[in-house]
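The structure under discussion appears below in the form of C-alpha cells.
No value in this document is a laboratory result; all are computed from the given coordinates. Just so it is clear, the model here is predicted, and its values are computed rather than measured. Note that each Cβ is placed from the backbone with ideal geometry, even for glycine, and that neighbours are counted across all protein chains shown.
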Amino acid sequence: YYGIRARQKLESMNVLKTEPIKGNRAAKEKMGTLTNASPSLNRELTPREKFFHTRAVELSKMGFYENARLQTSRLGETIQKNLTGVLWLSDLFNQARGYADTLRILHLYKDFKTKEGERELSERFWKNFFPMAYAETIREFAKTYNVDPFFVKSLIRQESLFDSQSLSRAGARGLMQIMPNTGKQLSRPENNGKPFETDSLFDPDLNIRLGIKYLSQLNKRFGKNGTHILISYNAGPHILKKWLKRFQDMNDPDVFIESIPYPETRRYVKHVMRNYGIYKALYDQ
C-alpha cells in the first residue's frame, strides 16, 4: 500500500513519470499458447495430462466453467509447481473463470526471482494476479453509473477474489459481497414489485450492477472520496459519519487511514487502494 502511495505522491510532484508495469527484459515472457506442447510449459504433456488439458480447454470454450476448473485442478496434480508451471496453470484457470484459484496459486510464488536475481516478476504474472475479470459487465455498468471501473475491479478482488459464489459468515453474497437487505433495496425500482430472490446475488451481472449502483450512491454522498467510500462500503455510512466527526481536525489522508479504529476496515481500505494503484499501473494506458 505505501509503495503505491509513494508512487502517487511522486507522480503528483512530477518527480516520477507514470509508466505501466512491464517487467524487465529478463522477466518478460510470451503468454504462450495452451497447446499440448505449450512453449510456456517447456515440455510435452503426458497422455493423462493431455486428457485433462483438452477437456479443460474445450469445456471453457463451451462455457462450462465449473467443470473446466475441475479438469484444471486434476491437471495441476502432476504439473511441477515452479514459476513456469503455476503461470501455465493460471492461464488455464483464468480461461475457466477460476480467478480465485489463479490468485491462490500465484500468491505462493510472488517471491520468485529471475535468473539475474532480481525480485521482479513478469507482466504476465501481474496481469494474471490482477485480472480483468468480468471486464465487459463492469465497463457497461461503470459507464451507466459514472463509476471508475478500476475502482470496481479493485474492490471485487478484495471482497471475493472474483468468486461469484462467495458467501461470507455475515451473509454477504457474490462478487461484490452484497447483503440481502441492501440488494433488496437497490433492486426495488427495477424489480416491478416482484419479490427479491436472495440467491440472485450470486448472478455476476446482477451483483455487479447492484454493487456499482451502490458505489454510485456513495460517490454522490461522499464526493468521490475513495477512502470514505470504502469505509462506508465495509463498515457502513453511519460508522463513517462517527469517525469523520471524531477525526474532523485530521487533514492528512494517510494519518486518517492509520487512525481507523477497526483493524479489519483499516486493512480493507489499504488493500483496495493498493489494488487500485496496481490496476491503474497495469492497464490504464
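Listed values, structure above:
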read-out: Ranked packing of 173-180, 265-272, most packed first, by mean Cβ within 10 Å; value: 173-180, 265-272
read-out: Calculated P(r) of the stretch 119-231 - Cα pairs past 22 Å, %; value: 34
read-out: Burial ranking of peptide ranges 163-169, 182-188 (average Cβ count within 10 Å, highest at the top); value: 182-188, 163-169
read-out: Contour excess over end-to-end distance, with Cα ends at Ser259 and Lys127 and 0.36 nm allotted per residue; value: 44.3 nm
read-out: 222 nm mean residue ellipticity, helices alone, for the chain (DSSP H n ≥ 4; -39,500 (n - 2.57); rounded to 500); value: -18500 deg cm²/dmol
read-out: Sites Arg43 and Gln185, calculated FRET efficiency, Cβ-Cβ separation with R0 41 Å, nearest 0.05; value: 0.15
read-out: Relative contact order [Cα under 8 Å, 6+ residues apart], the chain, whole percent; value: 17
read-out: Residues His238, His228, sorted so that the one with the fewest Cβ neighbours within 10 Å comes first; value: His238, His228
read-out: Under Karplus coefficients 6.51, -1.76 and 1.60, residue-wise ³J(HN,Hα) of the stretch 161-166 in Hz, glycine/proline x; value: 6, 6, 8, 5, 9, 5
read-out: Pairwise label distance in nanometres, Lys9 with Thr144, each label 7 Å out on the Cα-Cβ vector; value: 4.0
read-out: Compactness relative to 2.2 N^0.38 Å, alpha carbon Rg of the chain; value: 1.10
read-out: Lys, Arg +1 and Asp, Glu -1 on Cβ, resulting dipole of the chain about Cα centre, debye, nearest 20; value: 440
